[in-house]
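S.K.: Dumping the structure here so I can ask a few things about it.
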Amino acid sequence: MKTIEELFNEIKKDEKLKEEGIAAIQAGKLGAFMKAHGCDASEKEAIAFVKAKAEKAGIPLFFL
């Protein structure tokens, strides 16, 4: 299984995967998206990971 960071890095490099991830977040199906792409982390863990990355970069994420 992939870590959240491994999946996140794949998403950054693949526009189609990025679009799928955004659609999954909007549909409330982030957990299913992650599992489909080999990551067994929880939605809560993934959101915390992305928020931490954004905070470190100084990017506000109002949608999460």
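S.K.: For the chain, what is the accessible area per residue in Å², given a 1.4 Å probe and the full set of protein chains?
M.R.: Counting only protein heavy atoms, the per-residue value for the chain is 73 Å².
S.K.: As I understand it, the value is the acute angle between the Cα axis of helix 43-57 and the longest principal axis of the Cα atoms of the chain; what does it come to in degrees, rounded to 10?
M.R.: 40 degrees
S.K.: If you don't mind, another one. With a cut-off of at most 16 other beta carbons within 10 Å, and DSSP calling the residue loop, which trypsin sites (Lys or Arg not before Pro) in the range 1-46 qualify? Please list them.
M.R.: Here the sparse-neighbourhood loop sites are Lys29.
S.K.: On the protein heavy atoms, probe 1.4 angstrom, tell me the percent of accessible surface of the chain carried by carbon and sulfur.
M.R.: 58 percent
S.K.: Can you compute the equivalent ellipsoid semi-axes for the chain, i.e. the square root of 5 times each eigenvalue of the Cα gyration tensor, sorted largest first and rounded to whole Å?
M.R.: The answer is 17, 13, 12 Å, longest axis first.
S.K.: Right, next: Scan the chain for chymotrypsin sites (Phe, Trp or Tyr not before Pro) in coil per DSSP, keeping those whose Cβ has at most 10 other Cβ atoms within 10 Å, and list them by number.
M.R.: Phe62, Phe63
S.K.: Using 7 Å Cα-to-Cβ label points, what is the Ala52/Glu6 separation (nm, one decimal)?
M.R.: With each label placed 7 Å out from Cα toward Cβ, I get 1.7 nm.
S.K.: Below 8 Å, C-alpha to C-alpha, sequence gap of six or more: please give me the relative contact order for the chain in percent.
M.R.: This gives 32 percent for the chain.
The values are calculated or read from the model by the stated rules, or taken from the named source; none is laboratory data. Since the structure is predicted, the reported quantities are computational estimates derived from the model, not experimental observations. No Cβ is skipped: glycine too gets one built from the backbone with ideal geometry, and neighbour counts run over all protein chains shown. Surface areas here come from the heavy atoms of the whole protein model, side chains and all, with no ligands, DNA or RNA. Shrake-Rupley method; radii C 1.70, N 1.55, O 1.52, S 1.80 Å.
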